[in-house]
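Visitor: Shown below is the structure under consideration.
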Amino acid sequence: MSGHGTPIPMTSYKSTGLSGVADVPGDKSISHRSLILGAMAVGETKITGLLEGEDVLDTAKAMQAFGAEVTKHDDGSWSVHGVGVGGFAEPDQVIDCGNSGTGVRLIMGAMATCPISVTFTGDASLNKRPMARVTDPLALFGAQTVGRSGGRLPMTIVGADSPVPVKYTVPVPSAQVKSAVLLAGLNAPGQTVVIEQEATRDHTERMLAGFGAKISTEETNDGRVITLTGQPELKPQTIAVPRDPSSAAFPVCAALITEGSDVLVPNIGLNPTRAGLFDTLREMGADLTYEHLREEGGEPVADLRAKYSPNMKGIEVPEWRAASMIDEYPVLSVVAANAEGQTVMRGVKELRVKESDRIDAMATGLRANGVEVEEGEDWWIVTGKGIGNVPGGATCESHLDHRIAMSFMVLGLSTKAPVSVDDGGPIATSFPIFEPLMAQLGADVRRS
Ligand code: S3P
């Protein structure tokens, strides 16, 4: 869990010449899914490269509470001995998902069609986030929910005794909602159909197929129609978790704005539902290249090389690309502040319901550091000052949000005066080695 400890104030100072290799940790989305699907399979799933961030460790604890055996081995690998689809036991304790929206929403889906009652909670950030987007479709399967006003945690879900399959059109572009419905559909007889109008990350679909479920995706005029046949026996898998493009974003963007930098970020998954940031940066004029482009485990993978890019220009980020880079807008806004001209980001309402209201958190912190930002409910515009021209000097609130804290630490590497955050503690939820990794590249980021 995060957000319960003593705040860890951090400051980043102007740096030059970031160089070397940035080995970022495993993908958060795939790590959660490996543990949950492993727990729903019959037999032992083996996982290497699991992200050992707080969010994922909370999911591992939850899977143990549902009766799966989850073990970390001496060689750093993990194994999950699953209980089978529909085999979850009722936990003795409240399930605390800490800071993790992905953890809680996916687990709610996975248990909603089991005849058990489960109470969920999280930290101050998670307990503010909307859960009705998940509990509404879960009710269609027959699950019942009692939570706080506004559909917020803590919340108890009584899983359906005799679940029925559903057909559901996801009203917001959310892979968490889509995945919750698919995971619930696993223990419903017949076919569960999920329709999404905008393509979101497709790790759940790919992994369900890998675990042996019958699942198909069809592109239609109404969107992507995903059809899952319920009550399969999931077969245990050996999973090598790829490195997280959302974590790679931080050393990549740091290198682009820090004078004299040349950083290699190896083995990054470039699944098109995740890689929108890198396309956007290249359109802005970033010196970002893909080396050794290859395929691993059915996913495109490359080593990213990012070099100092003093001539980047602001662009209008295509709205259709938003879902594929939704977690990367905070750090993109830092690059935008160092570009020439305006970077316009539209169709990004979802940013307001992440670990924090990310438009508000970044706009407030950027303005305090001398950058002009305009915003509306689902858009924001950053007016760049050109590389190295951002004044800096302010302390920003991280609002219990790892990506906000890391984004401001990247900002401070090129500002005239240092940039601080009130609490870098949440960084441990997704990128526990952020500080040593940045130090090893030559970035001056310190606890203050
Ligand atoms: C995730 C989906 C996205 C993303 C989150 C991880 C997932 O959330 O922001 O960090 O693993 O499914 P939404 O489903 O709310 O868009």
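The numbers here are math on the coordinates, done by the rules we state, and not lab data. Remember, predicted model here, so these are calculated numbers, not experimental data. Methodologically, a virtual Cβ is constructed for each residue, glycine included, from the backbone with ideal geometry; neighbour enumeration extends over all protein chains shown.
Visitor: Ratio to report: Rg/Rh of the chain, with Cα atoms as the point set and Rh obtained by the Kirkwood method; give two decimals.
Guide: 0.96
Visitor: Pairs 14/307; 178/235; 61/349: which exceed 27 Å Cα-Cα? Could you put the intermediate results ahead of the total?
Guide: Values: 14/307 17 Å; 178/235 22 Å; 61/349 32 Å.
Table pairs above 27 Å Cα-Cα are 61/349.
Visitor: Here is a follow-up. For the charge dipole of the chain, defined by +1 on Lys and Arg C-beta atoms and -1 on Asp and Glu C-beta atoms about the Cα centroid, which residue among 361, 269, 420 has the Cα displaced farthest towards the positive pole?
Guide: The residue sitting most towards the positive pole is 361.
Visitor: A follow-up question, please. For the chain, with a Gaussian network of springs between Cα atoms less than 10 Å apart, report the residue from 419, 104, 353 with the top mean-square fluctuation.
Guide: Comparing 419, 104, 353 in a Gaussian network model of the chain, the most mobile one is 353.
Visitor: Quick one: Cα centre-to-centre distance for the range 1-50 and the range 349-424, in angstrom?
Guide: Taking the Cα centre of each part, the range 1-50 and the range 349-424 sit 22 Å apart.
Visitor: Another question, if that's okay. Using 1/(1 + (r/R0)^6) with R0 = 30 angstrom and r between the beta carbons of residue 79 and residue 217, what's the FRET efficiency to the nearest 0.05? Write out the running numbers ahead of the final one.
Guide: Working: r = 29 Å, r/R0 = 0.98.
After rounding to 0.05, the efficiency reads 0.55.
Visitor: Next question. Calculate the dipole size of the range 28-239 relative to its Cα centre from +1 charges on Lys and Arg beta carbons and -1 charges on Asp and Glu beta carbons; express the result in debye to the nearest 20.
Guide: Values: 18 positive and 22 negative charges, 79 e Å.
Its charge dipole is roughly 380 debye.
Visitor: Near residue 385, which aspartates and glutamates are there with a Cα under 13 Å away, not counting those fewer than 8 places off in the same chain?
Guide: Reachable aspartates and glutamates: 340, 372.
Visitor: Let me ask you something else. Grab the DSSP H runs of the chain that are 4 residues or longer, score each as -39,500 (n - 2.57), total them, divide by all residues and round the 222 nm result to the nearest 500 deg cm²/dmol. Each step should come with its number before you reach the end.
Guide: Working: 12 runs with 124 residues, N = 448.
Here the helix-only value at 222 nm equals -8000 deg cm²/dmol.
Visitor: Show me, for the range 394-405, the HN-Hα J-couplings you get by feeding each phi into the Karplus relation (A = 6.51, B = -1.76, C = 1.60, θ = phi - 60°), rounded to Hz, glycine and proline as x.
Guide: Working through the residues one at a time gives 9, 9, 10, 8, 8, 6, 6, 10, 3, 6, 5, 4 Hz.
Visitor: Assuming R0 = 22 Å, can you tell me the calculated FRET efficiency for the pair residue 259 and residue 342, based on Cβ-Cβ distance, to the nearest 0.05?
Guide: Numbers: r = 23 Å, r/R0 = 1.06.
After rounding to 0.05, the efficiency reads 0.40.
Visitor: Within straight cross-link reach of residue 128, meaning Cα distance under 16 Å, which lysines are found once same-chain residues fewer than 8 apart are removed?
Guide: Within reach: 354.
Visitor: How big is D for the range 28-239, in µm² s⁻¹ as a whole number, if Stokes-Einstein is applied with the Kirkwood radius of its Cα pairs at 4 °C and 1.567 mPa s? Write out the running numbers ahead of the final one.
Guide: On the way: Rh = 16.7 Å.
Roughly 78 µm²/s, to the nearest whole number.
Visitor: Here's something else I'd like to know. First measure r as the distance between the Cβ atoms of residue 235 and residue 23, then evaluate 1/(1 + (r/R0)^6) with R0 = 25 Å and state the FRET efficiency to the nearest 0.05.
Guide: On the way: r = 31 Å, r/R0 = 1.24.
Approximately 0.20, to the nearest 0.05.
Visitor: Taking the 0 to 90 degree range and rounding to the nearest ten, how far is the long axis of helix 175-185 tilted relative to the main principal axis of the chain, both from C-alpha atoms?
Guide: Helix 175-185 sits roughly 10 degrees off the main axis of the chain.
Visitor: Let me ask something else. Which aspartates and glutamates, if any, have their Cα less than 14 Å from the Cα of residue 46, not counting same-chain residues under 8 positions apart?
Guide: 69, 74, 75
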